[in-house]
1. I'd like the Karplus ³J(HN,Hα) series for the stretch B:223-229: coefficients 6.51, -1.76, 1.60, θ = phi - 60°, whole numbers in Hz, and an x wherever there's a Gly or Pro.
2. Near the amide H of residue A:169, under 5 Å away, which other amide H atoms are found, from residues 5 or more places off or on another chain, if H is placed in the peptide plane?
3. Long-range amide H contacts for residue B:215: which residues qualify at under 5 Å (H placed 1.01 Å from N, peptide plane, sequence gap of 5 or more or a different chain)?
4. Give me the aspartates and glutamates in straight-line cross-link reach of residue B:225: C-alpha distance below 17 Å, same-chain residues under 8 apart excluded.
5. Quick one: what are the phi-derived ³J(HN,Hα) couplings along the stretch B:211-220, Karplus 6.51/-1.76/1.60 with θ = phi - 60°, whole Hz, x for glycine and proline?
6. What does the extension gain come out to for residue A:285 and residue A:10, with contour length at 0.36 nm per residue minus their alpha carbon separation?
7. Looking at the stretch B:48-148, which GluC sites (Glu not before Pro) are DSSP coil and have at most 11 other C-beta atoms within 10 Å of their C-beta?
8. For chain A, what class follows from the C-alpha gyration tensor (a ≥ b ≥ c being the square roots of its eigenvalues): rounded when a/c is under 1.5, otherwise prolate if a/b is larger than b/c, else oblate?
Amino acid sequence: MILMVVEHANGKASKSACELATAARQLGGEVAALVLGSGVAPVAAEAAFIAGQVLVADTPSLAEYDAELWAAAVAQIARAGEAHTILIAASRSGCEYSPRVAVKLDAPLLEDVFSLQHIDSVFRAERYTYLNRVTERIEAEAPLAVVTLKPGAFAAAVPATEAAEQFDVDLELPQRRLVVTARTREKSERISLTEADIVVSGGRGVGSPEGFAELIEGLANQIGAAVGATRAVVDAGWRPYAEQVGQTGKTVQPRAYIAVGISGAVQHLSGMNKSKVIVAINKDADAPIFKIADYGIVGDVKEIVPAMIRELRK
Amino acid sequence: MRILTIVRQVPGAEESLRIKDGKVDLEGRKLVIDTMDEYGVEEALRLRESGAQAEVVVLAVGPARVEEALRTALAMGADRAVLVETGVALDAISLSNVVAQVAAREEADLILLGGQQADWDSQALGAAIAERLNWPQAAWTNLLAVKDTTLTGRHDVDEGTESFELPLPAVVTTQQGLNDPRYPTLPNIVRSRKKEIRREAFESFSVTAKLKIVGEEIQVKQRLKMILDGKDAQAAASRLVQLLREEARVIA
């Protein structure tokens, strides 16, 4: 059995769930989707259209994510269902609890992969390493592997026409040890960075927080894109950390990445260099970002971006 | 308390990489302590300096060259070091086994390490160590304090941040903003030469790799590099929008 863990937020399955379903279908065989949480009936109902069966652990103690609880739950279900492959989205939380699952089950962990094969008990996958600069091919021979999938690397599965059966599961869960005393959710009406088709990102070159709002948000709103930022912009307090793209922020791979006023430090490039089309607008013709750009303009972002917005409105 | 920090050696971010016989060739590359591990060493020193009765032990697992990373951490101020020398290419899950065994031998109360390994592009090591020891973990931590046997801090999660409390023993992985690592001063470099590096035989841990790296390559995507002159902002902007609509077909 392939066990895929359905990530969800605000009562909806995340896009990653459909990507996991695609990887699972490609591997072939029975697929069970696992939904963990509290009040997750709508999520389970969605999951029923992308897997052969849905296992639901709907309990108040799972209302908030916790790495130890999630790992315990996934390992128990995997054991009970004799899973040979566990698929988890390589989100920050997925990357946090998946190693625990691997240790519990004495299994190899194939992390953040963008391709996956399973032939005769050998798992083969590809992933990026060295700040997204190297493509690595890895292999593990084991009866069971834990695999986290790179967001956006697999196409979203088309939902089935009939819903699969749902089963409630009972779990023995440990006590939470990490106690959350305060929570800041950076809520945005905008599409999330890792799920967006287009990302507009700004660097220090936009000049100020106001410049960022006018140019980056203005352009993003015009084309329905997500907003990204460089570390320098986040460190300066212009933008929230949730928007940071790069080594210590998010890694994105959209259809188009529009970099405005970004020179292109290696740490930033590592978060976006696999984007399908890269567009750069910067005053410095020698900026490293132009070396990986498909399209670009050398010029003043404060003139060019408003001109683009005007053009798009036409 | 005893704080164990882990340092790994990675190519400096500005180093160019090359491939030899299907593997990344680090021969002659400038190798540095992974920045995120460096945050861990610095934080251990700050906890010690902030009054926690702490001994700071730094651990490296890898080829003989990783001794340089230990020397740097000792020069920053770590009290002593443990070196497990091996040429085996360990993955995060197998390396966590070595680290957990060292932590148990050392009776460590807190393990600090990078939130992500810059060569592996992996976030797995901290959580895997915590699981082996059956400890809790706070990942991506950008603020940390210790009082008696409780850690308090703040860390980044999928969308936003959380303030947390965590009982010791625990694993904490670092995030940017946690601190600004110090440079070793000359007197401290001199002093560090007398500090102990204890060597442990890799074989004594009975650990084998869980993953095999079959090949590594640098795939450079060919980019169009169609760069326009923006002196006439409106003309350049119009042309770019047209290209994105009609040629790249990424916007409507």
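The values are calculated or read from the model by the stated rules, or taken from the named source; none is laboratory data. Computed from a prediction, not measured in an experiment: that's the story for all the values here. Because the Cβ atoms are built from the backbone with ideal geometry, glycine has one as well, and the counts that use them run over all protein chains shown. In case anyone asks, the SASA skips ligands and DNA or RNA and just uses the protein heavy atoms, side chains included. Shrake-Rupley method; radii C 1.70, N 1.55, O 1.52, S 1.80 Å.
1. So the J values, rounded to whole Hz, are 9, 5, 6, 8, 9, 9, 7.
2. Correct list: A:56, A:57, A:58.
3. Result for residue B:215 returns A:137.
4. Partners found: A:284, A:286, A:294, B:246, B:247.
5. 10, 10, 8, 7, x, 10, 8, 9, 9, 9
6. The span from residue A:285 to residue A:10 would gain 94.6 nm if fully extended.
7. Answer by residue number: B:107.
8. Numbers: a/c = 2.10, a/b = 1.81, b/c = 1.16.
Prolate, because a/c is 1.5 or more and a/b exceeds b/c.
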